[in-house]
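Inspection log for the structure reproduced underneath, given as structure tokens.
The values are calculated or read from the model by the stated rules, or taken from the named source; none is laboratory data. Given the structure is predicted, the values throughout are model-derived calculations rather than measurements. With ideal geometry, Cβ positions are generated from the backbone for all residues, glycine too; neighbour counts draw on all protein chains shown.
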């Protein structure tokens with residue numbers, strides 16, 4: 001059986017899916033026995049495109065893009081899951097939706113719902129940078145119908161489409177559509193997606209009013225990772 005590729009932007013996402021962050025040379029397999037090639041790329045479209053290109057060079061026949069994202073639909077709460085049917089690349093002037101491989105969707109959705117997870121299927125919107133304002137998230141939902149936002153899926157999907165490799169994208173909502181994020185939130189991460197504690201502490205010393213916002217964000221992120229942790233065994237089984 002041909003291998004499957006998996007892109008996660010953040011090390012914490014990969015740990016939630018696989019239980020731990022594997023060594024670079026460690027062989028991974030799905031429950032079906034198929035080889036799984038993992039790329040933890042860091043946030044942003046350029047890193048996602050490079051990771052997808054590297055995975056495609058290894059002969060994968062399906063590319064999975066899994067991680068957390070921002071809520072765009074007003075009914076989605078932290079920890080709710082979005083199974084993308086299309087991906088819209090907002091970095092392009094005239095974005096045409098990229099189709100996802102939906103042949104697994106029914107079985108994956110049914111398995112997740114049976115185990116108490118909330119799943120919605122629909123468009124996923126990819127941006128060139130993080131979006132923090134609730135008003136902007138609501139506007140994009142009205143304009144595009146997107147359920148959730150991220151920065152990596154479209155770039156990875158374009159590379160896969162160019163190689164005629166199908167994609168499956170799943171996002172767990174972190175910040176709901178109605179919640180504003182601190183504008184400097186991405187500076188609290190290193191380029192590879194790990195927390196930058198010194199930056200966070202220095203910012204909180206200067207702006208103590210950020211403390212409750214970051215605590216709320218930490219709880220949202222924990223809920224999103226918990227949903228990914230619960231969902232992954234059922235996704236892996238269906239592949």
Does residue 49 qualify as being surrounded by fewer than 22 Cβ atoms within 10 Å (Cβ to Cβ) and closer than 15 Å to residue 158 by Cα? yes
So the check is Cβ under 7 Å with 6+ separation or different chains; which pairs have a first residue in the range 92-111 that's under 17 Å from residue 166 (Cβ atoms) and a second one that's surrounded by 15 or more Cβ atoms within 10 Å (Cβ to Cβ) and at pLDDT below 90? 104/238; 104/239; 107/238; 108/238
Among the residues of the range 116-148, the number that are touching a strand residue (DSSP E or B) at 6+ places or on another chain (Cβ under 7 Å) and under 14 Å from residue 48 (Cβ atoms) is 3
Against the definition (farther than 27 Å from residue 6 by Cβ and either modelled with pLDDT under 95 or surrounded by 15 or more Cβ atoms within 10 Å (Cβ to Cβ) (or both)), how does residue 138 come out, yes or no? yes
Which one of 196, 202, 218, 231 is touching a strand residue (DSSP E or B) at 6+ places or on another chain (Cβ under 7 Å) and surrounded by fewer than 18 Cβ atoms within 10 Å (Cβ to Cβ)? 196
Restricting to the range 20-32, and then to whatever is over 11 Å from residue 3 (Cβ atoms) and surrounded by fewer than 14 Cβ atoms within 10 Å (Cβ to Cβ), can you tell me which residue is nearest to the chain's Cα centre (by Cα)? 20
So which of 88, 60 ends up being touching a strand residue (DSSP E or B) at 6+ places or on another chain (Cβ under 6 Å), over 23 Å from residue 221 (Cα atoms) and part of a loop (DSSP other than H, G, I, E, B)? 60
Quick test for you: out of 79, 70, pick the one residue that is in contact (Cβ under 8 Å) with a residue 60 or more places away in the chain, part of a loop (DSSP other than H, G, I, E, B) and surrounded by 15 or more Cβ atoms within 10 Å (Cβ to Cβ). 79
How many residues does the range 174-193 contain that are in contact with a strand residue (DSSP E or B) (Cβ under 8 Å, 6 or more places away or on another chain) and either assigned to a helix (DSSP H, G or I) or exposed (fewer than 11 other Cβ atoms within 10 Å of the Cβ) (or both)? 1
Considering only residues of the range 159-173 that are touching a residue at least 24 places away in the same chain (Cβ under 8 Å) and in a loop (DSSP other than H, G, I, E, B), which is surrounded by the fewest Cβ atoms within 10 Å (Cβ to Cβ)? 163
Which numbered condition in (1) surrounded by fewer than 19 Cβ atoms within 10 Å (Cβ to Cβ); (2) at pLDDT below 95; (3) under 26 Å from residue 125 (Cβ atoms) is the only one that residue 43 fails? (1)
Of all residues in the range 205-220 being over 21 Å from the mean Cα position of the chain (by Cα) and touching a residue at least 12 places away in the same chain (Cβ under 8 Å), the one that is nearest to residue 181 (Cα to Cα): 213
For the range 112-141: of the residues being part of a strand (DSSP E or B) and free of Cβ contacts under 8 Å to residues at least 60 places away in the same chain, which is nearest to residue 231 (Cα to Cα)? 119
